[in-house]
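Data block below; observations after.
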Amino acid sequence: MEFDTQVFWSALTSAAYLKGALITLSLTVISHATAIAISLPMALVLNGSNRVARTLATGYVLIFRAVPQLLLLLFVWNALPQFIPVFREPWFNPFLAAWLALSLNEAAYQVEINRAALRAVDHGQGAAGIALGLTHTDVYRFIVFPQAARIALAPTVNEFITLLKITSLASVISLQELMTVTQISVARTFQFSEYYLAALIYYLVMVFTLMAIQKRIERRFAWEKTGMPGSVGGAR
């Protein structure tokens, strides 16, 4: 079967593909934001002195890093309602199932990024803040978190890009994201090249856009760092 340019262009500009891409982006943003919210307290616990809390957080990380994302998606969508009756209600749809599964999985990876970033901040700065009369909360709010966020930014964007591609696995639970729309179109027409190429272009555009944003942010922070008084760049 020859490549049909009209079919390809029709798929590329269709409302179904655009909606699928928007669902993919929405799922990525919400899942990653939730993962960050889950992982930040765990990173603090892992860097803390409470042995019981550290053990629980470590167990979470080990379990969810060991479970394949595909298996977790299928478990949350198909098996979780059997254990917890509330998930049998009509409100529990594929988007919510994918959100829950991907957030839990992504948090296990994001926590290591946050943990390393927090450890990279010099402990002496926190001690200096306490000496100046700041509370522990203020030390984290004004000293530790801003510096840790800057350190964690680049790997966090990398994780976001990876998560964007992982969302394609949600097609197995019938979420109408970009990959599902593509598979439905292929199954209906058997025109593989046209529809897969259209999906490929959507993913490339999304990923390359995110990579460009990442590089711009990194350049900005690099400029701020080299432009600081006393730094190598600033001394030139």
Practice task
Measure out, as a whole number of angstrom, how far apart the alpha-carbon centroids of region 81-115 and region 11-65 sit.
Solution key: 9 Å
Completion exercise
Between GLN125 and LEU25, Cβ-based FRET efficiency (R0 35 Å, step 0.05) works out to 0.40
Exercise for the section: Can you send over the solvent-accessible area of HIS123, 1.4 Å probe, protein chains only, in Å² to the nearest 10? Expected result: 140 Å²
Practice task
Kindly identify region 75-186 as rounded, prolate or oblate by the Cα gyration tensor criterion: order the square roots of the eigenvalues as a ≥ b ≥ c, call it rounded if a/c is under 1.5, otherwise compare a/b with b/c, prolate if a/b is larger, else oblate.
Solution key: prolate
Exercise for the section: For the chain, with a Gaussian network of springs between Cα atoms less than 10 Å apart, report the residue from VAL121, VAL76, VAL111 with the top mean-square fluctuation. Expected result: VAL121
Handout entry: Gaussian network model of the chain, springs between alpha carbon atoms under 10 Å - residue of LEU132, LEU169, LEU25 with greatest fluctuation
Key = LEU132
Practice task
Would you mind getting the accessible area per residue of the chain, heavy atoms of the protein chains only, 1.4 Å probe, in Å²?
Solution key: 58 Å²
Practice task
Report, in debye and to the nearest 20, how large the dipole of region 120-223 comes out about its Cα centre when Lys and Arg carry +1 and Asp and Glu carry -1 on their Cβ.
Solution key: 240 debye
Exercise for the section: Pairs of Cα atoms under 8 Å, at least six residues apart: use those to get the relative contact order of the chain, whole percent. Expected result: 30 percent
Handout entry: Global form of the chain, assessed from the alpha-carbon gyration tensor, a/c cut-off 1.5
Key = oblate
Fill in the blank from the handout: Reported to the nearest 10 Å², ASP138 has, with a 1.4 Å probe, an accessible area equal to 40 Å²
Handout entry: Residue among PRO90, PRO146, PRO41 with the largest mean-square fluctuation in a Gaussian network model of the chain, springs linking Cα atoms under 10 Å
Key = PRO90
Exercise for the section: Would you please name the chymotrypsin sites (Phe, Trp or Tyr not before Pro) within region 1-88 that are DSSP coil residues with at most 14 other C-beta atoms within 10 Å of their C-beta? Expected result: PHE3
Handout entry: Added length on full extension, which subtracts the Cα-Cα distance from 0.36 nm per residue, THR162 to GLN183
Key = 5.5 nm
Exercise for the section: Please name whichever of ILE84, ALA57, PHE142 sits farthest to the positive end of the charge dipole of the chain, dipole taken about the Cα centre and charges placed at Cβ: Lys and Arg +1, Asp and Glu -1. Expected result: PHE142
Exercise for the section: Could you please state how large a percent of the accessible area of region 77-236 is carbon and sulfur, counting protein chains only and using a 1.4 Å probe? Expected result: 65 percent
Exercise for the section: Give the relative contact order (percent, whole number) for region 113-174; include only Cα pairs under 8 Å separated by 6+ residues. Expected result: 40 percent
Completion exercise
Checked region 80-122 with the C-alpha gyration tensor, a ≥ b ≥ c its square-rooted eigenvalues, rounded below a/c of 1.5, otherwise prolate if a/b is larger than b/c and oblate if not; verdict prolate
Problem - Rounded to whole Hz, the Karplus (6.51, -1.76, 1.60) HN-Hα couplings of region 29-36, x for glycine and proline - result: 4, 5, 5, 6, 4, 5, 4, 5
Fill in the blank from the handout: From DSSP H assignment alone, runs of 4+ in the chain each adding -39500 (n - 2.57), the sum over residues rounded to the nearest 500 puts [θ] at 222 nm at -25000 deg cm²/dmol
Exercise for the section: Would you mind working out the magnitude of the charge dipole of the chain relative to its Cα centre, with +1 at each Lys and Arg C-beta and -1 at each Asp and Glu C-beta, to the nearest 20 Debye? Expected result: 680 debye
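The values are calculated or read from the model by the stated rules, or taken from the named source; none is laboratory data. Nothing here was measured: the structure is a model prediction, and the numbers come from that model. When we count neighbours, we look across all protein chains shown, and the Cβ atoms used for this are built from the backbone with ideal geometry, even at glycine. With ligands, DNA and RNA removed, areas are computed over all heavy atoms of the protein, side chains included. Shrake-Rupley method; radii C 1.70, N 1.55, O 1.52, S 1.80 Å.
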